[in-house]
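Colleague: Sharing a structure here in structure tokens format.
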Amino acid sequence: MDYEVIIIGAGPAGIFAALELARLRAGRVLLLERGKNLKERCQRTGDDVLCGWGGAGAFSDGKLTLSPEVGGHLGELIAPDQLLTLLEQTDRIYVAHGAPDRIYGEFTPRMEELGNRARRADLELIPMRIRHIGTENCPIVLDRLRQALEGRVEMRSGCPAEQILTEGSRVTGVRLSDGTELHCRQVIAAPGRSGAGWMKQQADRLGLKSKASPVDIGVRVELPAVVFKDITDAAYESKLIHYSKTFDDKVRTFCMNPYGEVVTERANGLITVNGHSYAGKKSANTNFAVLVSSAFTEPFDDPIAYGLYIARLANLLGKGAIVQRLGDLLSGRRSTRERMAKCLTRPTLTDATPGDLSFVFPFRHLQSIIEMLAALEVLAPGVYSRHTLLYGVEVKFYSNRIAVSSELETEISGLFAIGDGAGITRGLLQASASGLLAARAAAGRLQ
Ligand SMILES: Cc1cc2nc3c(=O)[nH]c(=O)nc-3n(C[C@H](O)[C@H](O)[C@H](O)COP(=O)(O)OP(=O)(O)OC[C@H]3O[C@@H](n4cnc5c(N)ncnc54)[C@H](O)[C@@H]3O)c2cc1C
């Protein structure tokens, strides 16, 4: 045996698995990362955004969602009290490595009142407790986590795992892209969303059961922070759910950034939009995504291809991200530079092309987004303003969900599949928690 455990992917899931294995003194552990080291990563270009030491969240604004119902499916695999304890333990590790003490979104009478107001607006408010690390602090926290692993776990960057090796129904090791075969007792696969295609390939090759997850497609909405101040002051990040009148589709807000900035993201050769906020620096605007969930059955069941197709169409028309004033969209005309100059919401993303999102979205999605914005107007007057900005497109892909046990072990003995790449989680805290869970099981087997 070269190692007791090999971990594939140094995102939050892989890092927390490594930390736990080191704490439990599990023997020789190797953490493989196909991207660059943390310090060599450029912030927002190319593959570096999603790949490299620290994973996809390295340059995010680091919102740790403490509420168990958000950020993943761990709640479907383990008991509610076990999940709560696990999330608390994970959160404490972040705090011990520099995440701030403050928690937003504690349940207060004001939150209850907001929830009631949301119901009157045909919306459901999901309260969320959040710890906000902040864009500028995420790399610092990650660097401290890395230092905590130094000398206890072997770490290799720029080193992709090519194949998971098995014998019968047992895992035996990992083949690297240079052909080297490394043997081990347990493998923890944590390749994240950027490695989801690879994970699916491995799952198919090994005969592991998996199922497609829906794709979420929509826009990033930007408006003056004062419009949502009531809500963001009380809840910081609120998740609001609406079922659209015309299609009865689930539409939700996602990743709310009070006083934040809209940014572009480059992955799979495509430019999409996202948002973030700093812990210290504030803009005049709040941004959040409005996303419509789409699932398919047969003969087509490839939601990722569908999402990529829509993003490609937006890039074709806009040569990148597109921005449109809501007023222009509702009047059936494109936004232009001249019209944007008259926009009272000053865009924080300045290199999006003023254009027409109605050329991009299918009727179903556009209608659902517009109906959601109209519902939000009742809760927060000003959302449905002509000057509200819509950036397109924002697409959230979720990986195929691999069938795992309550310890996150696959049908192959000794092979664990965790984090976003296995479709088990969708956020920093649950991804990290999945690392702890799998590491404990793996360490238990070694004994
Ligand atoms: C811009 C942005 C902002 C975000 N903001 C938030 C937020 O505020 N709050 C929140 O909860 N979530 C946020 N997320 C989501 C969060 O980052 C992810 O849920 C989380 O990083 C998932 O962790 P993971 O370890 O499963 O995967 P990842 O973080 O994706 O890490 C997987 C790692 O595995 C590596 N890898 C892939 N394949 C291989 C291979 N074959 N061999 C070796 N290495 C491989 C990848 O390079 C990557 O570094 C954000 C995501 C993005 C992109």
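The values are calculated or read from the model by the stated rules, or taken from the named source; none is laboratory data. Being a predicted model, the structure only gives us computed values, none of them experimental. Every residue, glycine as well, gets a Cβ built from its backbone with ideal geometry; the counts of neighbours run over all protein chains shown.
Colleague: So, Leu436, is that one in contact with a Leu (Cβ under 7 Å, 6 or more places away or on another chain), touching a residue at least 12 places away in the same chain (Cβ under 8 Å) and within 18 Å of Val141 (Cβ to Cβ) or not? Spell out how you get there, then give the answer.
Modeller: Values: in contact with a Leu (Cβ under 7 Å, 6 or more places away or on another chain): yes; touching a residue at least 12 places away in the same chain (Cβ under 8 Å): yes; within 18 Å of Val141 (Cβ to Cβ): yes.
Judged against the criteria, Leu436 is a match.
Colleague: Something else: Going by the conditions given, is Arg92 free of Cβ contacts under 8 Å to residues at least 60 places away in the same chain, loosely packed, with under 15 Cβ neighbours inside 10 Å and within 16 Å of the ligand (Cβ to nearest atom)? Before the answer, list the steps.
Modeller: Numbers: free of Cβ contacts under 8 Å to residues at least 60 places away in the same chain: yes; loosely packed, with under 15 Cβ neighbours inside 10 Å: yes; within 16 Å of the ligand (Cβ to nearest atom): no.
For Arg92, the condition - free of Cβ contacts under 8 Å to residues at least 60 places away in the same chain, loosely packed, with under 15 Cβ neighbours inside 10 Å and within 16 Å of the ligand (Cβ to nearest atom) - is not met.
Colleague: Which condition number in (1) part of a loop (DSSP other than H, G, I, E, B); (2) more than 30 Å from Tyr236 (Cβ to Cβ) is the one that Tyr306 fails?
Modeller: So the condition that Tyr306 fails would be (1).
Colleague: Hey, another quick one. Taking the condition out of contact with any Cys (no Cβ under 8 Å at 6 or more places or on another chain), in a helix (DSSP H, G or I) and more than 11 Å from the ligand (Cβ to nearest atom), does Ala26 pass?
Modeller: Answer is no for this residue.
Per-residue answers, yes or no, for (1) over 24 Å from Met372 (Cβ atoms); (2) assigned by TED's automatic domain parsing to the domain that holds Gly427; (3) surrounded by fewer than 21 Cβ atoms within 10 Å (Cβ to Cβ); (4) hydroxyl-bearing (Ser, Thr, Tyr):
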residue: Gln201; (1), (2), (3), (4): yes, yes, yes, no
residue: Val221; (1), (2), (3), (4): no, no, no, no
residue: Ala225; (1), (2), (3), (4): no, no, yes, no
residue: Tyr236; (1), (2), (3), (4): no, no, no, yes
residue: Gly269; (1), (2), (3), (4): yes, no, yes, no
residue: Gly280; (1), (2), (3), (4): yes, no, yes, no
residue: Phe288; (1), (2), (3), (4): no, no, no, no
residue: Ala295; (1), (2), (3), (4): no, no, yes, no
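Colleague: Further, regarding this structure: Step by step: first the residues of region 348-359, then only those that are more than 23 Å from the chain's Cα centre (by Cα) and of a type outside the set (Ser, Thr, Tyr), then the one that is farthest from Thr246 (Cα to Cα). Which residue is that?
Modeller: Asp351
Colleague: Can you tell me which of Leu21, Leu74, Leu64 is under 23 Å from Cys255 (Cα atoms), more than 10 Å from the ligand (Cβ to nearest atom), crowded, with 23+ Cβ neighbours inside 10 Å and touching a residue at least 60 places away in the same chain (Cβ under 8 Å)?
Modeller: Being under 23 Å from Cys255 (Cα atoms), more than 10 Å from the ligand (Cβ to nearest atom), crowded, with 23+ Cβ neighbours inside 10 Å and touching a residue at least 60 places away in the same chain (Cβ under 8 Å) holds for just one of Leu21, Leu74, Leu64, which is Leu74.
Colleague: Based on what the data block shows, is Asp216 farther than 26 Å from Gly54 by Cα and not basic (Lys, Arg)?
Modeller: No: the conditions fail for Asp216.
Colleague: Criterion first (within 22 Å of Met128 (Cα to Cα), of a type in the set (S, T, N, Q) and assigned to a helix (DSSP H, G or I)) does Thr232 satisfy it?
Modeller: Considered against the rule, which asks whether it is within 22 Å of Met128 (Cα to Cα), of a type in the set (S, T, N, Q) and assigned to a helix (DSSP H, G or I), Thr232 comes out as yes.
Yes/no per residue for (1) within 10 Å of the ligand (Cβ to nearest atom); (2) touching a residue at least 60 places away in the same chain (Cβ under 8 Å):
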| site | (1), (2) |
| --- | --- |
| Glu106 | no, no |
| Leu123 | no, yes |
| Cys159 | yes, yes |
| Gly179 | no, no |
| Arg185 | no, yes |
| Ala189 | yes, yes |
| Gln202 | yes, no |
| Lys209 | no, yes |
| Ser213 | no, yes |
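Colleague: Just give me the residues in region 419-442 being more than 7 Å from the ligand (Cβ to nearest atom), aliphatic (A, V, I, L, M) and either buried (at least 24 other Cβ atoms within 10 Å of the Cβ) or more than 17 Å from Tyr3 (Cα to Cα) (or both), in sequence order.
Modeller: Answer for region 419-442, where residues must be more than 7 Å from the ligand (Cβ to nearest atom), aliphatic (A, V, I, L, M) and either buried (at least 24 other Cβ atoms within 10 Å of the Cβ) or more than 17 Å from Tyr3 (Cα to Cα) (or both): Ala422, Ile424, Ala433, Leu436, Leu437, Ala438, Ala439, Ala442.
Colleague: Let me ask another. Taking the options Glu113, Glu40, name whichever one is more than 10 Å from the ligand (Cβ to nearest atom) and either within 18 Å of Ala235 (Cβ to Cβ) or free of Cβ contacts under 8 Å to residues at least 12 places away in the same chain (or both).
Modeller: Glu113
Colleague: Could you figure out which of (1) under 23 Å from Glu265 (Cα atoms); (2) in contact (Cβ under 8 Å) with a residue 60 or more places away in the chain; (3) within 24 Å of the chain's Cα centre (by Cα) isn't true of Leu376?
Modeller: The one condition Leu376 does not meet is (1).
Colleague: Quick check on my filter: what residues within region 255-280 are outside any strand (DSSP E or B) and under 17 Å from Pro224 (Cβ atoms)?
Modeller: Pro258, Tyr259, Gly260, Ser277
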